[in-house]
Amino acid sequence: MRLLASVIIAVVLVSSPAAGQTQDDFFNPEVLQRVELWLHESDWEKLKANFQENTYYPADMIWNGITVRSVGIRSRGLGSRRAQKPGLRVDFDRYSDGQQFLGLKSFVLDNLSQDLSGVKETVAMKFFTRLGIPAPRETHTRLYVNGRYAGLYALVESVDKTMMGRVFGSINGNIQNDGYLFEYNYVLGSPWRFGYEGSALTPYKARFDIKTNESHAESLIWGPIEELVRLVNTTPSSSFEQTIGAKLDLPAFVRYIAAQNFIAQNDAFNGYDGMNNFYFYRLENSSVHTFIAWDEDNAFLVPDFAITMRLDENVLTRKTLELPSFRSQYFAVLSEAATSAAEWMRAEMQRQFNLIDQAMLEDPQKPYTNAEYQAERERLLAFPDARVSFVRCEVSKQIGAAAPSGCQ
Amino acid sequence: MKGPLFLAVMALATLATPALAQDRRGLVWDNRPSIVFGEDINIDLRGRAQFDWRKFDPQREEEEFDVRTLRIGLKGNLTEHLDWEIEREIAELYDEGATEDQIDLGLVEPKWRFGQWKDVFINWTTFDALSLKGGRFKMPFGLEQNTGVSDLDFAYRTFGSNKIAPGRDRGVMVYGDVLDGALLYEAGVFDDDGDNAEFSLEQFVLEGEDLQDAGPSFAARVVGEIFRGLPVPDRLKGAEVGIAYTQSDVPEGLNSLFGEDPFGFDFFERVYVKGRRQRTGLQFDWSPQSLGFRAEWMQSREQRLGQSNRNENLSDYIGTAWYGSATWLVTGEDKDSDVTPNNPLFQGGVGAIEIGARYDQLSFKSANTEGPAFRNPRSEHLLSNTVKQVTFGANWLVNRWVKVVANAIRQSYEDPERAPRVLGAETFGPTDFWSGLLRLQILF
């Protein structure tokens, strides 16, 4: 009972000063946030020295005058991990049951180490949201560690039960956040393109890290994934939509890969080294899976990124797009994306650059120079118009429509 | 393992011939193999083994068979005034350099080999009032901790004896008894702060700084028969009461004492400490005839200088433990000394049978208990966790070499998140556990 009381007191103390503030304020993209972390100097040094490890360290966090005590922070990322400027995961309930901040259990501080512009990730996610694709909320923040400016970071909503509830809403008062959520685990040296890996669950366990309902039986967690992969690989075209459609939201999948192609994301579902960078969610009390966008900081590669890039390599992509209806949908989504981008993307990029420019220039830890940042900024600002034109021309070729003016 | 074990048990169970070492030199059998060079010069070969079979309810993520102890050693006298002892553990150990990942994935296998040194000391005993001991041995803190692993009343030591009392270390100690044996004193200086406080986590230092160990530490204990001169019943006059104290300095890091149960589960992980570590202990030991009563209270207090998230001082980290136990040698042997069956098995008797019960508990917390509590190892107010344990035991001393121990143990944990995990459980809890243990002990 004493334990419970302590926990309740902790939660109340943390949450009460936050009255009036919301998650939307925290992820408000119109504002350059300021997040402070206070942790023991030796812990910060340890975290940086051991940046490849996932060891948690205790810290206090301050945002907008609100102090959250005893949060847990750790280094995060795959290729983006850096000693000098670590990417961080902040967990509010690491050291206290149920401690939340504005209803969040955690969030991510993306170090933007692979994004010389600083806005690829945030623009991409906002664009996905415009297109109706489940994606985390993001904004930018200056991060201060022990009172010192540690650099410009992207403030990223964690893909967790809280986000699932936000994205999928509630049915009859039941929040749809109790399904099976997986983070795709890119296995170094073992690129995977949805080929069947046998009936044993081990390879699927290795690739799909379970994030909810972890204690359930393995057959409940990974069995449906093995079944989905097997069926994708064995089901003929004639029954593909009916069979796979019962296990995977195919229209949502097509929308997802088309949007990823539009933003010329080379390290994504149809990536250069197999699948990468996504979450996978089996909806509550359902056999249907869907994709959640994650980690798009390699987007905007080149404006003339082929709109059919690697569509034949991935088994799921290939077999889905062999069906005329989904192939038509794929190009339709590309056209929709071009329309959306034409009226929005460059202005949004410019707005974000205006927001972060000073913070980026002052960032003492970024692994690139200010000149490189500025060059990338100019390159990125030129991307939307060029990409819109390219995609419109290429789509017209694919669907046999009249080419828009300016196409070659 | 089980075949040779059975043969050894049968051999030792029937080895009940009286000792024949008197007035002999060379290799003799004096309850154990011994080489006698002269009147006060000899070397004994010593060995001890404990094999445990365990059951858990609810089922825990623990092995059911455990080789708890396997040690071999030598003990001897150099002169009338000097004796010595060395003992080393044999254990299943992984190669040095094996990583946790390799172990978790089963890529490396442990091998039986020599492990930790236990006692390695020399003892000068010319004067009862002033003796001197040097080497590696148990620091003078804790009645039960200073009782040999094969002479315990119950299978496992109490939480406090295992996790607060320091155990062995390298050092030098003066000791003796005065007032006609009514008062025993011990005081020593030691290299670190005991095996039970040994750092288990990799130490981290900033560039240019050196790695530091705990210590040196100082330990002292005084035990007296405080009722001897008082008008109390004669039976009570043999009761001993003692007080003990240790002090050392601990370098910065996750270097505190921590809570671990007998089966290896950590119920209170290390917290960040820096500064002075003190232990205070009280002990009571009374063994009227075949009865035994023991009790201890002990507390550790560790400073946390500059350990907050903002490098400020935190309130002290405190561990508190106590226990009380009662035993009865049903077959009538005297509890006051090494218990040897009056009538060993196959020598006209059934051996010695002892029953007993014990309650013990250990808790860790911060000195400051105001404000919200966290499990954060740098929290000003640490969320406490207490484990309480009741042990019911029966010992069958077959003869001087073989002992069978049966224990039923009930543990209760305060914090469900820091209670042992139940196999297959979806959530934290339960907090109460039963364990059953059957031990075969062989000692020579």
### Message
For the condition surrounded by fewer than 16 Cβ atoms within 10 Å (Cβ to Cβ), small (Gly, Ala, Ser) and away from chain A (no Cβ under 14 Å), what is the one hit in B:GLY332, B:GLY275, B:GLY292?
### Response
B:GLY332
### Task
Would you kindly identify the strands (runs of 3 or more DSSP E) lying entirely within region A:110-221 that contain at least 2 residues that are not assigned by TED's automatic domain parsing to the domain that holds A:THR290?
A:138-145, A:148-157
### Task
Give me the pairs, please: first residue somewhere in region B:316-329 and without any contact (Cβ under 8 Å) to a residue 24 or more places away in the chain, second residue anywhere and of a type in the set (A, V, I, L, M, F, W, C), beta-carbon distance under 8 Å, and either six or more positions apart or on two chains.
none
### Query
Taking only pairs six or more apart or across chains, which ones have beta-carbon atoms under 6 Å, a first residue in region B:367-380 that is within 8 Å of chain A (Cβ to nearest Cβ), and a second residue that is β-branched (Val, Ile, Thr)?
B:PRO372/A:ILE9; B:PRO377/B:VAL271
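Let's see how each residue does on (1) assigned to a helix (DSSP H, G or I); (2) among the hydrophobic types (A, V, I, L, M, F, W, C):
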site: A:ILE292; (1), (2): no, yes
site: A:GLU296; (1), (2): no, no
site: A:PHE300; (1), (2): no, yes
site: A:PHE305; (1), (2): no, yes
site: A:ARG310; (1), (2): no, no
site: A:ARG318; (1), (2): yes, no
site: A:SER325; (1), (2): yes, no
site: A:ARG346; (1), (2): yes, no
#### Entry: Search result, residues across region A:261-280 that are outside any loop (DSSP other than H, G, I, E, B) and under 13 Å from the mean Cα position of the chain (by Cα)
A:PHE278, A:TYR279, A:PHE280
### Selected residue (only one of A:GLU36, A:GLU53 is over 20 Å from A:ALA359 (Cα atoms), surrounded by fewer than 23 Cβ atoms within 10 Å (Cβ to Cβ) and within 14 Å of chain B (Cβ to nearest Cβ))
A:GLU53
### Task
Would you point out which residue out of A:ARG94, A:ARG81 is within 28 Å of B:LEU206 (Cβ to Cβ), within 14 Å of another protein chain (Cβ to nearest Cβ) and in contact with a strand residue (DSSP E or B) (Cβ under 7 Å, 6 or more places away or on another chain)?
A:ARG94
### Message
Whether any residue in region A:374-386 is in a loop (DSSP other than H, G, I, E, B) and farther than 30 Å from A:VAL229 by Cα is what I want to check.
### Response
no
### Task
Would you be able to tell me the number of residues in region B:221-264 that are part of a strand (DSSP E or B), under 16 Å from B:ARG301 (Cβ atoms) and either in contact with a helix residue (DSSP H, G or I) (Cβ under 9 Å, 6 or more places away or on another chain) or among the hydrophobic types (A, V, I, L, M, F, W, C) (or both)?
5
### Summary
Looking across region B:385-429 at residues that are in a strand (DSSP E or B) and within 14 Å of chain A (Cβ to nearest Cβ), the single one that is farthest from B:LEU257 (Cα to Cα) is B:VAL422
### Query
Residues in region B:173-184: is at least one touching a Pro at 6+ places or on another chain (Cβ under 6 Å) and either crowded, with 18+ Cβ neighbours inside 10 Å or not in a loop (DSSP other than H, G, I, E, B) (or both)?
no
### Query
Can you spot a residue in region B:298-316 that is of a type in the set (A, V, I, L, M, F, W, C), at pLDDT 95 or above, part of a strand (DSSP E or B) and surrounded by fewer than 18 Cβ atoms within 10 Å (Cβ to Cβ)?
no
### Message
Among the listed residues A:ASP93, A:ASP97, identify the single one that is among the charged types (D, E, K, R) and in contact with a Lys or Arg (Cβ under 6 Å, 6 or more places away or on another chain).
### Response
A:ASP93
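Can you tell me which residue among A:ASN146, A:ASN177 is on the phi < 0 side of the Ramachandran plot, touching a residue at least 60 places away in the same chain (Cβ under 8 Å) and touching a helix residue (DSSP H, G or I) at 6+ places or on another chain (Cβ under 7 Å)?
After applying the criteria, what remains is A:ASN177.
If you go through region B:185-206, how many residues are part of a loop (DSSP other than H, G, I, E, B) and touching a helix residue (DSSP H, G or I) at 6+ places or on another chain (Cβ under 9 Å)?
Going through region B:185-206 one residue at a time, the tally reaches 3.
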### Query
Taking B:PRO231 and the conditions (1) farther than 24 Å from A:SER70 by Cβ; (2) in contact (Cβ under 8 Å) with a residue 12 or more places away in the chain, which numbered condition does it fall short on, given that it satisfies the others?
(2)
### Task
Could you check B:ASP316 against (1) touching a Leu at 6+ places or on another chain (Cβ under 7 Å); (2) charged (D, E, K, R); (3) more than 14 Å from chain A (Cβ to nearest Cβ) and say which number it fails?
(1)
### Query
Which numbered condition trips up B:ASN342, out of (1) touching a residue at least 12 places away in the same chain (Cβ under 8 Å); (2) in a loop (DSSP other than H, G, I, E, B); (3) surrounded by fewer than 18 Cβ atoms within 10 Å (Cβ to Cβ); (4) more than 14 Å from chain A (Cβ to nearest Cβ)?
(1)
### Summary
Being assigned to a strand (DSSP E or B), within 14 Å of chain A (Cβ to nearest Cβ) and within 27 Å of B:LEU152 (Cα to Cα) narrows B:PHE267, B:PHE284, B:PHE218 down to just B:PHE267
### Query
Which one is farthest from B:PHE392 (Cα to Cα) among residues in region B:151-164 that are in contact with a Leu (Cβ under 9 Å, 6 or more places away or on another chain) and not charged (D, E, K, R)?
B:ILE164
### Query
Hey, any hits in region A:114-136 for a residue that's modelled with pLDDT under 95, surrounded by fewer than 17 Cβ atoms within 10 Å (Cβ to Cβ) and more than 14 Å from chain B (Cβ to nearest Cβ)?
no
### Message
So A:TYR279 passes all but one of these: (1) surrounded by 16 or more Cβ atoms within 10 Å (Cβ to Cβ); (2) farther than 30 Å from B:ARG421 by Cα. Which condition number does it fail?
### Response
(2)
### Task
Provide a single number: the residues in region A:172-227 that are within 14 Å of another protein chain (Cβ to nearest Cβ) and surrounded by fewer than 16 Cβ atoms within 10 Å (Cβ to Cβ).
10
### Summary
The residue from A:ILE66, A:ILE62, A:ILE73 that alone is more than 14 Å from A:TYR153 (Cα to Cα), away from chain B (no Cβ under 14 Å) and either modelled with pLDDT of 95 or more or surrounded by 14 or more Cβ atoms within 10 Å (Cβ to Cβ) (or both) is A:ILE66
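The values are calculated or read from the model by the stated rules, or taken from the named source; none is laboratory data. Note that the structure is predicted; figures quoted are calculated from it, not measured. Reconstructed Cβ throughout: ideal geometry from the backbone, glycine too, with neighbour counts over all protein chains shown.
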